[in-house]
Each structure stands twice: as C-alpha cells, then as structure tokens.
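The values are calculated or read from the model by the stated rules, or taken from the named source; none is laboratory data. Model, not experiment: these values are computed from the prediction. Here Cβ is always computed from backbone atoms with ideal geometry, including for glycine, and neighbour counts include all displayed protein chains. Side chains included, ligands, DNA and RNA excluded: accessible areas come from the protein's heavy atoms. Shrake-Rupley method; radii C 1.70, N 1.55, O 1.52, S 1.80 Å.
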Amino acid sequence: RRRVRRLVGRRPPPACGRSRPLPSPRRGATKAVAKMLPRETVKIIAESVGIATLPDSIASALAPDCEYRVREIVQEALKFMKHSKRDTLTTEDVNSALRLRNVQLLYGFGAA
C-alpha cells in the first residue's frame, strides 16, 4: 500500500524560511495577549488632543479600551483585505474599516 499524506487542515509553511508548520493551538488553551498600549502612550495621545495632565489611574483605565478599539478597527481592515483577495493591508482597508465604524478618517496616506 502506498501512504498518502493528508494535507487538509494543515497550514502552508510560512515564507520566512521555517521548514516545520506551526503547532495548532490546543482546544481550550488560552492565547497570551501582550499589552499593546502602555499608559504613557495614552498620556501622549491625550496631550496631543489637548488634555494637559492625565492622571496615571485614568490613563491605566483608558488603555484597555483604546486597545480594544484599535484591535476592532484592525480586524475590520483585515476583513476588507481578505475580501479583496490581497495579502497586503493597505491604507484604504483601514479607511474603509473606519468608515464602517463611523469614525473620523485619519489624515495622511489615502485620506481624501
């Protein structure tokens, strides 16, 4: 008998040169999420908007909410990218995600 390798459900090897496929996550395993926005970043953003002094406690309370909103926008932008059958996330994808969430568009690349 000839053995046939089953490739259904396996991820293709990444382009970075790694020869082995990544292990699939175990059922029930929790995914470790790194903290994305430190409170210093929230304070800097608050200063750029016009809030002169933001207490540490308020910055710490705002950080998870800001992180959640950023993740939400990025996930929507990735959906636009995948539906367009592209591998590269563009500024137009992010702008479309912002438009979908009724958020003011960013000034810069692709903003019209």
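Taking a straight Cα-Cα cut-off under 20 Å and skipping sequence neighbours fewer than 8 places away in the same chain, the aspartates and glutamates within cross-link reach of Lys82 are Glu72, Glu92, Asp93. Within segment 42-112, the chymotrypsin sites (Phe, Trp or Tyr not before Pro) that combine a DSSP coil assignment with at most 10 other C-beta atoms in a 10 angstrom radius are Tyr107, Phe109. Per residue, segment 63-107 exposes an accessible area of 76 Å² to a 1.4 Å probe, with every protein chain left in place. Ranked by the mean number of other Cβ atoms within 10 Å of their residues, highest first, the peptides 89-101, 39-51 come out as 89-101, 39-51.
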